[in-house]
1. Going by Cα centres, region 19-43 and region 401-423 are how many Å apart?
2. At 7 Å along the Cα-to-beta-carbon direction for both Ser188 and Thr212, put a label point, then send me their distance in nm to one decimal.
3. Pick out, in residue order, every one of the GluC sites (Glu not before Pro) in region 290-356 that is DSSP loop and has at most 12 other C-beta atoms within 10 Å; say none if there are none.
4. According to a simple spin-label model (label point 7 Å from Cα along Cα-to-Cβ), what is the distance in nm between Gln427 and Arg243?
5. Provide the three semi-axes, in whole Å and in decreasing order, of the ellipsoid equivalent to region 225-302 as defined by the square roots of 5 times the Cα gyration tensor eigenvalues.
6. What number do you get for the chain when its Cα radius of gyration is normalised by 2.2 N^0.38 Å, N = residues?
7. Please list the equivalent ellipsoid semi-axes of region 120-164, computed as the square roots of five times the alpha-carbon gyration tensor eigenvalues, in descending order and whole angstrom.
8. Could you state the orientation-averaged shadow area of the convex hull built on the Cα atoms of region 385-459, in nm² to one decimal?
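The values are calculated or read from the model by the stated rules, or taken from the named source; none is laboratory data. If you're wondering where the values come from, they're calculated on a predicted model, not measured in any experiment. Reconstructed Cβ throughout: ideal geometry from the backbone, glycine too, with neighbour counts over all protein chains shown. Just the protein is used for accessible areas: all its heavy atoms, side chains included, with ligands, DNA and RNA removed. Shrake-Rupley method; radii C 1.70, N 1.55, O 1.52, S 1.80 Å.
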Amino acid sequence: MEGETSRHVMVLTYPAQGHINPLLQFTKLMALKGIKATFATTRYTASAIQAPGITIEPISDGFDEGGFKQASSLQAYLNSFKVIGSKSLTELIQKFSNSCYPVDCLVYDSLLPWALDVAKEMGVCKAAFLTNSASVCSLYWYLHHDLLSLPLTPNSFPLVLPGLPDLQPSDLPSFIAHPLEFSGYLGSIMEQFSTLEENDWVFINTFAELETEIEKAMSEKWPLMMVGPMLPSAYLGQQMEDREYGGSLWNQATENCLRWLDTKPSNSVIYISFGSMAEVPGKQVEEIAWGLKNLESPFLWVFRESDTKLPPEFLSSLNDEIGVVVSWCNQLEVLAHPAICCFITHCGWNSMLEGLSLGVPMLAIPQWSDQPMNAKMMEDVWKVGVRAKKGSEGIVSREEIERSVREVIAGLSSEEIKKNSCSWCKQAARTVSKGGSSESNIDKFLQTLQKKKAAQSYK
Ligand code: UDP
């Protein structure tokens, strides 16, 4: 199949880091397979994308100068993107229709469900791309199909659903656990799930071996294809030059981080990041800071500038022996460094897949959205880490941080955690290598696309 450029796959992303990364990686994979691959993102984010072998095309979300920050609310942003983005995306697909590479398939981020209508209108194949785990998506599916009704009551627990472990309230995505508080988010998720069946394919950034039960439970419901983990392929033993996604929205301090990590013994450094979106409460930040300090293990903390600040006494006590704080880095390079022994994570789905694929034991401190459910799966199903226990105010105390990091690194369960981490790391690499489940799914997709295209030109 390699070397064929007769098909054109256009990928449309929602312009947040946790969406750009997997969708951009998918686009790069298309190009690697010899397919003409176009990545469409908003004008505001397009200049941040630099990836070889693909075409980058800007479209408008109505906020070309400042992006999401310019909108008055998430709903206002999504509405604007729907109206203006539909027109802009249509024009983009039209632009290619008279070229040597008319678009054959639109792969769209499921957060932008209106793109399905654009694909239908333009007569191209359509595929949704889900950026959550299959377990989380199945829960939304059950909700959409009334197999789960909200609000849940104490009698609903434990929640027993096909393909999932028994769930308690603290395991649920926050949009399901607190539907009134997050009605806008839940509404937009339900909108995505109402049209999934209309796609030719539904891609999901996970792999069959990781979510086997869900694959069984869900593949009859949608044309589901597990194609992950979507990581730069060097980390999965493939193209050694493919070491970053290629679309960082912030400047990275990676070189400094790696130089500092080089000075540390192997398996000695704790890495902490809460991703690109979580607003970690000030009290939680303070507890993490003093918990880390008390642990007396070196740490590397990605702390994004926001209203919440690090305690000044903590900052002034830092030196190269104790730990460093940076505002952003190439997380994959850091996780792959032999000095790292534990990843304290908010359990964003990309971070989960990265930790799993690189075999790094994790400590989960989920904040919101799908993160509690990812933490549940990580601790109880994949068994590659520990979930920190929250106190009555929903904050993990400094003592609990100390206790749980020690548990991950050297506690009773640490040997099993290390063994499982190592085995998932090998499995992730097998999945994307020749004959692996995700690799085979991608090939099946491209073969079917070829057949559909041939059938259409014959008509
Ligand atoms: N990330 C990064 N540098 C950092 C922190 C995070 O490159 O310093 C990347 C990380 O590798 C992941 C993405 O940002 O791919 C965050 O996605 P995730 O789903 O984990 O969390 P979100 O930001 O969506 O909450």
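1. The two parts, judged by their Cα centres, are 36 Å apart.
2. Going from the Ser188 label point to the Thr212 one covers 3.6 nm.
3. Answer by residue number: Glu296, Glu305, Glu321.
4. With each label point 7 Å from Cα toward Cβ, the separation is 2.9 nm.
5. 27, 19, 13
6. Computed over Cα atoms of the chain, the ratio equals 0.96.
7. Calculated on Cα positions only, the semi-axes equal 30, 12, 8 Å.
8. 9.1
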